Amino acid sequence: MSEDSLKVIQNYLAYLEGVKAVSPLTKEAYARDLRLWEEHLAGVGLDVLTAGRPEAAAFLTALGKRGLASASVNRMLSCLRGFYRYCLRLDLKTDHPFTGVRGLKRSRHLPTFLFETEVSRLLQAVTGQGFQAYRDRALLEVMYATGCRVSEICSLTTQALATSGGGTRASMRVTGKGRKVRTVFLTPSAIQALHEYLAVRASRLPAGHDTEPHLFLNAQGGALGPRGVAKILDRLAVKAGIAKHISPHTVRHTFATHLLEEGLDVRVVQELLGHSRLETTQIYTHLGLDRLRDVVRQSHPHG
């Protein structure tokens, strides 16, 4: 990679973080996409500042041959289109290689969710009264009560829960994508689980580190990360005998699906999820219709 190309990419990533306020995970994904594009160009003796439309079309073809999902390819295209708009504004290029390059058609993929009985089984899989049990129960209850992204869950602090009377708030302010702040609400069972967890949380903090701000801790007393949350869900799903793969996002999908099935307005669910576009939330209305269709097929005499 040439020094000029490296500098432009680094500046663009800094711009995304400082000006566009993208999340660390989004910034990391864009860095991978740009690196992949640069590696493709290096094979034909070019770089990001000398590439043209033929190279852009060839890159799209190469991605298709790798068998990547259409959503992944389209995300890369979105990243590269944004990068070259940035380059044009700064007069670093006079043409946009990806102008006219169309993305791949996306097949409708309905998100996986849990039925109410599966949520109960997952919670019942948490047994015992030690630190791990109290943490896991509180974690599940908060995820299901709020529909927060895993990054938002891992960023929660004890201060977000504190009240002047020393209790726990029934609502919290969380910072989501693009540093947008929204209010989420805790159910009574989530509040109870948090009270029980907070009573044992301090015992896990290492000596001299009792100021750890993050709400959910790992076994070593540090902040619980997204991978740690995923491992907890994997362990509990196996224990609960749930065959489907359960990711942190599955719980978020479940939150949205259940609220819509209870008749909550889709725009309210959009606000609770922190979606910037209503179309993103509306996928759950399709999910509800497909579930209803399956129930009718199973129950109708002529199904």
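On C-alpha positions alone, give me the angle between the axis of helix 131-146 and the longest principal axis of the chain, in degrees, nearest 10. The angle comes out near 70 degrees.
Given charges of +1 on the Cβ of Lys and Arg and -1 on the Cβ of Asp and Glu, with all other atoms neutral, how large is the dipole of the range 3-89 about its Cα centre, in debye to the nearest 20?
360 debye
Computed from Cα positions, the angle between helix 226-240 and the longest principal axis of the chain comes to roughly 50 degrees.
Among Arg227, Arg66, Arg135, the largest mean-square fluctuation in a Gaussian network model of the chain (Cα springs under 10 Å) belongs to Arg66. Per-residue packing, averaged as other Cβ atoms within 10 Å, sorts the ranges 243-249, 142-148 into the order 142-148, 243-249, beginning with the highest.
Under a model in which nothing but the beta-carbon of Lys, Arg (+1) and Asp, Glu (-1) is charged, the chain shows a dipole of about 420 debye around its Cα centre. Applying the Karplus relation 6.51 cos²θ - 1.76 cosθ + 1.60 with θ = phi - 60° to the range 67-80 yields 3J(HN,Hα) values of x, 5, 5, 4, 5, 5, 5, 5, 5, 4, 4, 4, 4, 6 Hz, where x marks Gly and Pro. Take the chain, connect every pair of alpha-carbon atoms lying under 10 Å apart with a spring to form a Gaussian network, then pick out the residue of Leu92, Leu259, Leu13 with the largest mean-square fluctuation. Checking each option, the largest mean-square fluctuation is seen for Leu92. Summing charges over all other residues whose Cβ lies under 12 Å from the Cβ of Leu36, with Lys and Arg as +1 and Asp and Glu as -1, gives +1. Residues Lys7, Lys20, ranked from the fewest to the most other C-beta atoms within 10 Å, line up as Lys7, Lys20. Of the residues Ala145, His214, Ala71, the one whose Cα sits farthest towards the positive end of the charge dipole of the chain is Ala71 (charges of +1 on Lys and Arg Cβ, -1 on Asp and Glu Cβ, taken about the Cα centre). Comparing mean-square fluctuations of Lys65, Lys180, Lys231 from a GNM of the chain with C-alpha springs under 10 Å, the top value falls on Lys65. The value of relative contact order for the range 118-250, using C-alpha pairs under 8 Å at least six residues apart, is 30 percent. For helix 188-201, report the angle its Cα long axis makes with the longest principal axis of the Cα atoms of the chain; keep it between 0 and 90° and round to the nearest 10°. For helix 188-201, the angle is close to 90 degrees.
Counting alpha carbon pairs within less than 8 Å and at least 6 residues apart, what relative contact order, in whole percent, applies to the chain? Walk me through the numbers on the way to the answer.
Numbers: 322 pairs, mean separation 50.9, N = 303.
Taking the mean separation of contacting Cα pairs over the length of the chain, I get 17 percent.
Quick note: the coordinates plus some simple rules give every number you see, no bench work behind them. Since the structure is predicted, the reported quantities are computational estimates derived from the model, not experimental observations. Here the Cβ is made from the backbone with ideal geometry for all residues, glycine too, and neighbour counts use every protein chain on show.
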